[in-house]
Each structure stands twice: as C-alpha cells, then as structure tokens.
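The values are calculated or read from the model by the stated rules, or taken from the named source; none is laboratory data. Treat the numbers as computed from the prediction; the structure is a model and nothing was measured. Every residue, glycine as well, gets a Cβ built from its backbone with ideal geometry; the counts of neighbours run over all protein chains shown. Heads up: the accessible areas ignore ligands, DNA and RNA and are worked out on the full protein's heavy atoms, side chains in. Shrake-Rupley method; radii C 1.70, N 1.55, O 1.52, S 1.80 Å.
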Amino acid sequence: MIRVLLADDQTLVRAGFRSILDGDDDISVVAEAADGEHAVRLAREHRPDVVLMDVQMPGTDGLEATRRIAGDERLAGVKVVILTTYDVDEYVYGALRAGASGFLVKDTEPVELLQAVRVVARGDALLAPSVTRRLIAEFAGRVSRPEPSPRLNSLTEREREVMALVAAGLSNDEIADRLVLSPATAKTHVSRIMTKLAVRDRAQLVVLAYESAMITPGWLNQPR
C-alpha cells in the first residue's frame, strides 16, 4: 500500500485529491496538512511514501517544507511531489533543488495523478514530460557560470553517460536501448551514481547535471 500525505491550504483541493487517491486499491491518504509546518510534522509522524505538496501555503510554504523533509535523515524514504497551478512555476525549480522528486499541475487527470504517485513511490522521478525538462532547463540556465562539480570526479565515463541521459529525461529502458545495455544494468548504473553523489533520486541528478554544465538544453537532440 502506497501511503500519501496531502499538503494544501485549500480544503476542496485536498478533498478532491483524497477522493481520487483513496478510490484506488493500492493507495491510501494517511494525513492532510493545510500548511508547510503541519506537513513536516505529519511527515515525521506518519512517514508516508509520498507527499503531495502545494508550493504556496500560509506560514511555512511548500518550498521550505520540502527542504526540511528532504534534509531529515529520518525521512529519507519520503518522496515529495510539488503541486502547482501552472506548468511553469518559478518555485518549482527551487523545490527540485530542495529535494522534491518532481511536480504535478493541479488540474492533472485522475489517471495521471495515480500513475505519478506510483512512479515516485517506486523511486523514480517525474521527469519524462517535456514540460518538466523545459522548466528545469529554463531555471538551471539562470545559474551563473556553471562549473563541473568536484563530486562528478568519482564517476566513470560510462556513469557520466548514464547521468547525462537521466538528466535528459530518459527512463532506464530508454537509457539501456540508447547505450545497448540491459535494463537491469542501466538501473544498476543509476543506483550507483546516486550513491556516489549522495543524491536522493533522479530529480537531484538532473539538477546537478544542469548546474554542473554536464549537459545543456537540447543536448539529447544534437548529432552524436
């Protein structure tokens, strides 16, 4: 059973999400919060698998709440998905840097919401939609003079290739196909990279790749 915490200051929004999520056999809403402070407290109390976190809430906002959850070693298994009203939100990139595993637009279709919760719960990030890559590229591009992080020195050449493809939004199967590997090998590479770089998930790999100038927007489509 995937356990979900809802954090949104609008009661009707939480009720709508709960109705969709609780209507499925493998997902259960374990708690609701109307502000970021309450969300952090409930995350520590219930240890949910996924937190659906609104960005703009009174008091402690979703960005700060995400940072606290991601920075708490006791909540290492808790994944945060940012909820936003628009497909490009200036707060979203900051939330990804703070430790969020991706984002959803609030008016997403019910089937997409359910799938997103399952994807994040199993350890993947919501990076496939082109709008997500566009958003990350746009805000990562604001970083002045990006320089390769010394942390990348621990990676092999193959691991650098894999990380760049993760940053371009490819799934493990797509990475395996592009590099002529088995999906299991691709998954092992991704797991090893996250361990070496001490990042929570694929979303953090994307942020690090862009900020270190490992890849640039449109890199995947350039001739090899």
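Taking 0.36 nm per residue of separation and subtracting the current Cα-Cα distance, fully stretching the chain between Asp107 and Arg178 would add 22.2 nm.
May I ask you to list the lysines whose Cα is less than 25 Å away from that of Lys106, ignoring any residue fewer than eight positions away on the same chain? Once the sequence-local lysines are set aside, what remains near Lys106 is Lys79.
With kT/(6 pi eta Rh) evaluated at 37 °C and eta = 0.692 mPa s, and Rh the Kirkwood radius from Cα pairs, region 11-54 diffuses with a coefficient of 299 µm²/s according to Stokes-Einstein.
Please work out whether region 1-125 counts as rounded, prolate or oblate from its C-alpha gyration tensor, where a ≥ b ≥ c are the square roots of the eigenvalues and a/c under 1.5 means rounded, while otherwise a/b larger than b/c means prolate and anything else oblate? Rounded. Just to confirm a number: summing +1 for Lys and Arg and -1 for Asp and Glu over residues other than Asp173 whose beta-carbon lies under 12 angstrom from that of Asp173, what do you get? Residues close to Asp173 contribute a combined charge of -1. Electrostatic bookkeeping for Asp124 treats Lys and Arg as +1 and Asp and Glu as -1; over the other residues with beta carbon under 14 Å from its beta carbon, the sum is +2. Compared with the alpha-carbon gap, the fully stretched path from Arg158 to Arg192 is longer by 11.1 nm at 0.36 nm per residue.
Ligands, DNA and RNA excluded, the heavy atoms of Val166 present near 0 Å² of accessible surface to a 1.4 Å solvent probe. Only protein atoms count toward the accessible area here, which uses a 1.4 Å probe; on region 1-118, the carbon and sulfur part of that area reaches 46 percent.
Debye-formula intensities of region 161-204, expressed as log10 I(q)/I(0) at q = 0.17 Å⁻¹, are -0.38 (one equal scatterer per alpha-carbon, no solvent).
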